[in-house]
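Trainee: One structure, as structure tokens, below. Some questions next.
The values are calculated or read from the model by the stated rules, or taken from the named source; none is laboratory data. Just so we're clear, the structure is a prediction, and the values are computed from it rather than from any experiment. Heads up, the Cβs are rebuilt from the backbone with ideal geometry, glycines too, and the neighbour counts pull from every protein chain shown. Remember, those area values only see protein heavy atoms, side chains included, never the ligands or the DNA or RNA. Shrake-Rupley method; radii C 1.70, N 1.55, O 1.52, S 1.80 Å.
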Amino acid sequence: GTGQNVQKSYKVGPTTRRTIDVNLELGPDKDVSMLVEGGSPIVVERPMYFNYHDKWAGGHNVVGAQGPDTVFYFPEGTTRDNSNDGSFEEWICIQNPGSTDAGVKITYWTAKGTTESQDVTVAAHSRSTVDVNQRLGDNKDVSSKVESTVPVLVERPIYFNYHDAWAGGDDVMGCPEPKMKFYFAEGSTLDGFVTYITILNPETSDASIKLTFMVEGEPQKEVLDTVPASRRY
């Protein structure tokens, strides 16, 4: 986050897994983005474990992105903070691996159909973090689009105390473009599980959607619905 860059090299043997302790390598109190390059094809994930502000403990994990881009979408996001829903804190983390500053525009869509925008400059070879709660205020369900003048990489971590019952956090890499189909292998409505589908329609016309649920031991179920234009659902 300071613009400092650190390079380190490691050996990973054939058909082998290796774990790098980032805290040990960089020391405490650093906000950091990473580029991992292999001398031959590799696969990389980044798990994080946390006690967020000493109040919400948990962990999240993502697979590394294939590369930077100029547009990223995030259908999910919320700044809810009330006695019924609990508390959520949303962040947008932007990595600029290039040699020129990035002019970044963030567009926020709410469930009520309103939009807001925010401009951010991310210095070359640097990382910047946007506090969505601070920008939008409390109790907003929001989708977002991040556009940059140069290729960047964007993630969206959220830390939460869901209904004041389950504390933790999650994180996801941005989606580079809207598509007609998305698949999800996992989902559960077992006792103690709550599953949602969050949809952003960034277009200027309504979107007709079909959700097909494939349930273990039961026939599949289809649900038809409409997501209004420029709306999060």
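Trainee: How about region 55-93: which of its residues are in a loop (DSSP other than H, G, I, E, B), buried (at least 16 other Cβ atoms within 10 Å of the Cβ) and among the hydroxyl-bearing types (Ser, Thr, Tyr)?
Mentor: Passing the criteria: only Thr79.
The rows are residues; the columns are (1) farther than 26 Å from Phe50 by Cα; (2) outside any loop (DSSP other than H, G, I, E, B).
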{"site": "Arg127", "(1), (2)": "no, yes"}
{"site": "Val130", "(1), (2)": "no, yes"}
{"site": "Asn133", "(1), (2)": "no, yes"}
{"site": "Glu147", "(1), (2)": "yes, yes"}
{"site": "Val152", "(1), (2)": "no, yes"}
{"site": "Asp164", "(1), (2)": "no, no"}
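Trainee: Let me ask something else about it. Any residue at all in region 33-40 that's closer than 23 Å to Ala123 by Cβ and open to solvent by 100 Å² or more (accessible area, probe 1.4 Å)?
Mentor: Taking every residue of region 33-40 in turn, at least one turns out to be closer than 23 Å to Ala123 by Cβ and open to solvent by 100 Å² or more (accessible area, probe 1.4 Å).
Trainee: Right, here's the next one. Give the number of residues within region 103-127 that are touching a Phe, Trp or Tyr at 6+ places or on another chain (Cβ under 8 Å) and in contact (Cβ under 8 Å) with a residue 24 or more places away in the chain.
Mentor: Initial filter on region 103-127 (touching a Phe, Trp or Tyr at 6+ places or on another chain (Cβ under 8 Å)): 111, 115-118.
Filter once more, so that each one left must be in contact (Cβ under 8 Å) with a residue 24 or more places away in the chain: 111, 115.
Residues that pass the stated criteria total 2.
Trainee: Moving on to the next point. Restricting attention to region 65-100, report how many residues are without any contact (Cβ under 8 Å) to a residue 40 or more places away in the chain and farther than 19 Å from Asp171 by Cβ.
Mentor: The total comes to 1.
Residue-by-condition table, conditions (1) of a type in the set (Phe, Trp, Tyr); (2) within 25 Å of the chain's Cα centre (by Cα); (3) part of a loop (DSSP other than H, G, I, E, B):
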| residue | (1), (2), (3) |
| --- | --- |
| Tyr10 | yes, no, yes |
| Thr19 | no, yes, yes |
| Pro28 | no, yes, yes |
| Ser33 | no, yes, yes |
| Val36 | no, yes, yes |
| Gly39 | no, no, yes |
| Ile42 | no, yes, yes |
| Met48 | no, yes, no |
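Trainee: Inspect region 103-122 for any residue being over 17 Å from the mean Cα position of the chain (by Cα), more than 30 Å from Pro14 (Cβ to Cβ), modelled with pLDDT of 95 or more and outside any strand (DSSP E or B) and give the result as yes or no.
Mentor: No, every residue in region 103-122 fails to be over 17 Å from the mean Cα position of the chain (by Cα), more than 30 Å from Pro14 (Cβ to Cβ), modelled with pLDDT of 95 or more and outside any strand (DSSP E or B).
Residue by residue, here is whether (1) within 29 Å of Leu35 (Cα to Cα); (2) in contact with a Phe, Trp or Tyr (Cβ under 6 Å, 6 or more places away or on another chain); (3) open to solvent by 50 Å² or more (accessible area, probe 1.4 Å) holds:
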position	(1), (2), (3)
Gln95	yes, no, no
Thr129	yes, yes, yes
Lys140	no, no, yes
Ser143	yes, yes, no
Thr149	yes, no, yes
Trp166	no, no, yes
Asp171	yes, no, no
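Okay, residues lined up against (1) modelled with pLDDT of 95 or more; (2) among the small types (Gly, Ala, Ser); (3) under 22 Å from the mean Cα position of the chain (by Cα); (4) under 19 Å from Phe88 (Cα atoms):
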position: Gln134; (1), (2), (3), (4): yes, no, yes, yes
position: Thr149; (1), (2), (3), (4): yes, no, yes, no
position: Asn161; (1), (2), (3), (4): yes, no, yes, yes
position: Gly168; (1), (2), (3), (4): yes, yes, yes, yes
position: Phe193; (1), (2), (3), (4): yes, no, yes, yes
position: Ser208; (1), (2), (3), (4): yes, yes, no, no
position: Arg231; (1), (2), (3), (4): no, no, yes, no
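Trainee: Looking only at residues in region 191-233 that are within 15 Å of Ser143 (Cβ to Cβ) and in a strand (DSSP E or B), which one is most open to solvent (accessible area, probe 1.4 Å)?
Mentor: Among residues in region 191-233 that are within 15 Å of Ser143 (Cβ to Cβ) and in a strand (DSSP E or B), the one most open to solvent (accessible area, probe 1.4 Å) is Arg231.
Trainee: From the residues in region 1-32 that are surrounded by 10 or more Cβ atoms within 10 Å (Cβ to Cβ) and among the acidic types (Asp, Glu), which one is nearest to Ile94 (Cα to Cα)?
Mentor: Asp31
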